[in-house]
Amino acid sequence: MSRSEIRQSAEPVTDWATDFDHARSEYNENAPEIWAQLRTECPIAHTDRYGGAWLPVRHADVSQIAYDTEHFTSEDVVVKWVRPESSRPIGGAPPITSDPPFHREARRLILPAFSPEKVAALEPEIRQFCRQLIENIGNVDVVDAADQYAKHIPAAVIAQMLDLPVEDGDKFRDFVHTALESISEDQEVRQLGFQKLDEYLDLRITERSQNLGEDLLSFLLQAKIYDRQLSPEHVRGTVALLLIAGIDTTWSAIGASLLHLATHPKDLARLVAEPELIPTAIEEFLRAYAPVTMARVVAKDVEIGGCPMKQGDWVLLPFPAANRDPQVFENADEVIIDREVNRHAAFGLGIHRCIGSNLARLVMRVAIEEFIAKFPEFAVADSTQVTWSVGQVRGPRRLPVRVIRRA
Ligand code: HEM
């Protein structure tokens, strides 16, 4: 597709049911309202953009597609204008881009690194990092809770797991931008971004293979599938996945939780008074503000909810919309921080369910605990300055809050 076609396809949306574009800023800014409207008017929306894509918003349809690995492939999970040659069943970033049966092997390999015990051991360092960040913000009245706080934490955590330099955080976030947010930007610039990511990872992989340690990258360099060492592309793809899947997602989830607290003083006061409620509140923040929508490609023609999905079509899986389905959740659009039953789909459904969920929950808990311990009262300073990400990961990117600090 030529650049002018891309620009044309980036025309404003006039009808979300027949011409949606999830990469336009108004989608993430108004997503819950758009899903609510679609749910009653057209629960599986379609667009001709991106060469043809579907957007189911009901929990039942999202779930059916997520579990159906026969008709839907994960070979590409980020919708883009031009789809590269098929790379089934491994894909460019295993296991998220892998299909069965290879997927099971690629997933099994990295699961132990994210076990509850391994993850719990990271808590002291994460807490120390959050405290230091708050300390560095200094004695100001207005803090950008997304840009000065949330965005830094997940990058530091994953850098530590892979033993990559924490100072490379900005680079990692550039890679995330390239992979997830830049689908409607200049495609040559995007390609250059991927090239930089590959070069960065190749360099780190070469260095590490000459000096193996106890970290996750060293583990991958020595790991085997089907009795064979992983290919360099597999190692690079998995490391890229961990960087990308681990950063934008958790940053968005922390930011959205803090935005909720900055606009709901009663909930903030309750969490300050009853910190033991924080894990339950986090599940509700994950449900109501779930950040991650992944995609599938139709592998074989199939009909879902009366819609004829053709081989090669994109299908977005908006887990965040499924989490707001009133058929599944009572008062789905209300945020109830002590909601008792909460089987949300924020971490996905089916074989690709998030491997990093223990880690994400820990990072969210520590980040929120430390923020509200230091700032027991805070509120959005200027709502016109709050901005949202664009694309398949949804969360606040600017979030200035006026804070009252605890001595
Ligand atoms: C709040 C934070 C997070 C959310 C909401 C989230 C959400 C998700 C979702 C919805 C999927 C399913 C993708 C699909 O069906 O195609 C997924 C998969 C995955 N996530 Fe996360 N994630 C988060 C944090 C993390 C972290 C911190 C890591 C690791 C550093 C991680 C690693 C992965 C991996 C490796 C997969 C692929 C699993 C597979 O294909 O079997 N995630 N995540």
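The values are calculated or read from the model by the stated rules, or taken from the named source; none is laboratory data. This one's a predicted model, so the numbers in the text were calculated from it and none came from an experiment. Here the Cβ is made from the backbone with ideal geometry for all residues, glycine too, and neighbour counts use every protein chain on show.
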Exercise. What number of residues within the range 163-182 satisfy the criterion of being surrounded by 23 or more Cβ atoms within 10 Å (Cβ to Cβ) and among the aliphatic types (A, V, I, L, M)?
Worked result: 3
Exercise. Is it fair to say Thr206 is under 17 Å from Gly391 (Cβ atoms), free of Cβ contacts under 8 Å to residues at least 60 places away in the same chain, polar (S, T, N, Q) and in a helix (DSSP H, G or I)?
Worked result: no
Exercise. Assuming Val297 fulfils every condition listed in (1) within 11 Å of the ligand (Cβ to nearest atom); (2) closer than 18 Å to Ser74 by Cα apart from one, which condition is it?
Worked result: (1)
For this session: Look at Ala121 and say whether it is of a type in the set (Gly, Ala, Ser), touching a helix residue (DSSP H, G or I) at 6+ places or on another chain (Cβ under 9 Å) and at negative phi.
Result: no
Problem set entry | Matching residues in the range 115-133 - criterion: being crowded, with 18+ Cβ neighbours inside 10 Å and closer than 29 Å to Arg402 by Cβ | Ile126, Phe129, Cys130, Leu133
For this session: Kindly indicate whether any position in the range 242-254 is away from the ligand (no atom under 11 Å from the Cβ), in contact (Cβ under 8 Å) with a residue 12 or more places away in the chain and in a helix (DSSP H, G or I).
Result: no
For this session: Give the residues of the range 336-387 that are part of a loop (DSSP other than H, G, I, E, B) and away from the ligand (no atom under 16 Å from the Cβ), sorted by residue number.
Result: Ile336, Ile337, Asp338, Arg339, Glu340, Val341, Phe375, Pro376, Ala381, Asp382, Val386
Seminar exercise, completed: Scanning the range 8-52 residue by residue, those more than 24 Å from Val77 (Cβ to Cβ), modelled with pLDDT of 95 or more and not in a loop (DSSP other than H, G, I, E, B) turn out to be Glu33, Ala36, Gln37, Thr40, Glu41
Exercise. Which residue out of Asp68, Asp15 is more than 15 Å from the ligand (Cβ to nearest atom) and over 22 Å from Asp333 (Cβ atoms)?
Worked result: Asp15
